[in-house]
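S.K.: This structure is in structure tokens; I'll ask about it shortly.
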Amino acid sequence: MRKLYRRLRLRIKALLGRDVWLPVERKLPIEHHGSESCGWPVLADSLNAASIIYSFGVGEDASFDVSLIRKYGCRVLAFDPTPKSLDYVRRTIGDPLFIIHPTALADHVGTLELFLPTNAEHVSASLEMTDRTKGASFLAECATLGEIMCRNGHDHIDVLKVDIEGAEYSAFGAGEGLDNLRRTHQLLIEFHHWMEPFSVRDTLGLCERLKAIGFRVAWTSPLGHEVLFVNSNWKQ
């Protein structure tokens, strides 16, 4: 009942222009991996030990990544420059198939300033200084998706998970950032239009760009912010 209520509430808010509701366009079998709060779905039995998995935004819960490793024996390349995330990985994850890089996904190669959360119990840093992120800031190494793929010798990605606190809008704004998604099969993304200074328009714009290059919605969370897209042009 709770999930049904959340979806009904989401549809009403979307009709009022205060949120985004994305209907499922491709009904495909899926399987869930990870914890209830930080888990994600992938297409059922779609991976193997050679699959290429990129996971942007680890926070303090890598249960999704670890679950994929346990089932398929694949490597997961994780990316998160946040100090608390890196410390969490060092303390809790000893699997050699989980490889963490202190690199942020961005629309350029170089560095960017990230703002730490005001609440010391929170983890994720953000591109923007807001009421949530008036804490200290730090400079992080950043790179585009294309550059990261080149560094790792990959010409495609089987699963790309992106939970990067609003940086998805600039990273996949247009041009190279968007073009590199054409070489991705499954895209798991959390939208952050509910965080200032982002907006519903930002999410709708990115969804239109994803649709234009062949991505279709295969799953949405009850809140509607987390979405699994599948590349309908995939020929790998």
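S.K.: Restricting to region 130-166, give me the number of residues that are open to solvent by 10 Å² or more (accessible area, probe 1.4 Å), small (Gly, Ala, Ser) and within 20 Å of the chain's Cα centre (by Cα).
M.R.: Number of matching residues: 1.
S.K.: So for region 4-17 (the condition being assigned to a loop (DSSP other than H, G, I, E, B) and under 17 Å from the mean Cα position of the chain (by Cα)), does at least one residue qualify?
M.R.: To start, the set of residues in region 4-17 that are assigned to a loop (DSSP other than H, G, I, E, B) comprises 16-17.
Filter again for under 17 Å from the mean Cα position of the chain (by Cα), leaving none.
The answer is no, given that none of the residues of region 4-17 is assigned to a loop (DSSP other than H, G, I, E, B) and under 17 Å from the mean Cα position of the chain (by Cα).
S.K.: Here's something else I'd like to know. For residues in region 178-199 being assigned to a helix (DSSP H, G or I) and either among the small types (Gly, Ala, Ser) or open to solvent by 30 Å² or more (accessible area, probe 1.4 Å) (or both), which is nearest to residue 108 (Cα to Cα)?
M.R.: Residues of region 178-199 assigned to a helix (DSSP H, G or I): 178-183.
Okay, now just the ones that are also either among the small types (Gly, Ala, Ser) or open to solvent by 30 Å² or more (accessible area, probe 1.4 Å) (or both), so 179, 182-183.
Details: 179: 14, 182: 18, 183: 19 Å.
Across region 178-199, the extreme among qualifying residues is 179.
S.K.: Considering only residues that are touching a His at 6+ places or on another chain (Cβ under 9 Å) and more than 21 Å from residue 38 (Cα to Cα), which ones fall in region 186-198?
M.R.: 198
S.K.: Which numbered condition in (1) surrounded by fewer than 14 Cβ atoms within 10 Å (Cβ to Cβ); (2) farther than 26 Å from residue 147 by Cβ is the only one that residue 90 fails?
M.R.: Status for residue 90: all satisfied but (2).
S.K.: When region 222-235 is examined, which residues are found to be open to solvent by 10 Å² or more (accessible area, probe 1.4 Å) and either assigned to a strand (DSSP E or B) or over 14 Å from residue 161 (Cα atoms) (or both)? Working first, answer last.
M.R.: Our first condition is that a residue be open to solvent by 10 Å² or more (accessible area, probe 1.4 Å); within region 222-235, this holds for 222-223, 225-226, 232-235.
222, 223, 226, 232, 233, 234, 235, listed by residue number.
S.K.: Quick check on my filter: what residues within region 167-177 are open to solvent by 10 Å² or more (accessible area, probe 1.4 Å) and part of a helix (DSSP H, G or I)?
M.R.: Within region 167-177, 169, 170, 175, 176, 177 meet the criteria.
S.K.: Give the residue, chosen from 111, 130, 144, that is touching a residue at least 12 places away in the same chain (Cβ under 8 Å) and touching a strand residue (DSSP E or B) at 6+ places or on another chain (Cβ under 6 Å).
M.R.: Only one candidate qualifies: 111.
S.K.: When you check residue 36 against the structure, is it surrounded by fewer than 19 Cβ atoms within 10 Å (Cβ to Cβ) and within 19 Å of residue 161 (Cα to Cα), yes or no? Full working, then the answer.
M.R.: On the way: surrounded by fewer than 19 Cβ atoms within 10 Å (Cβ to Cβ): yes; within 19 Å of residue 161 (Cα to Cα): yes.
It is true that residue 36 is surrounded by fewer than 19 Cβ atoms within 10 Å (Cβ to Cβ) and within 19 Å of residue 161 (Cα to Cα).
S.K.: Another question about this same structure. Take region 38-91 and flag every residue that is over 14 Å from the mean Cα position of the chain (by Cα), among the charged types (D, E, K, R) and either on the phi < 0 side of the Ramachandran plot or not in a loop (DSSP other than H, G, I, E, B) (or both).
M.R.: Within region 38-91, 60, 70, 71, 75, 84, 87, 90, 91 qualify.
The values are calculated or read from the model by the stated rules, or taken from the named source; none is laboratory data. Values in this document were obtained by computation on a predicted structure and should not be read as measured data. Quick reminder, even Gly has a Cβ in these numbers, built from the backbone with ideal geometry, and neighbours come from all protein chains shown. These accessible areas exclude ligands, DNA and RNA; they are computed on the full protein's heavy atoms, side chains included. Shrake-Rupley method; radii C 1.70, N 1.55, O 1.52, S 1.80 Å.
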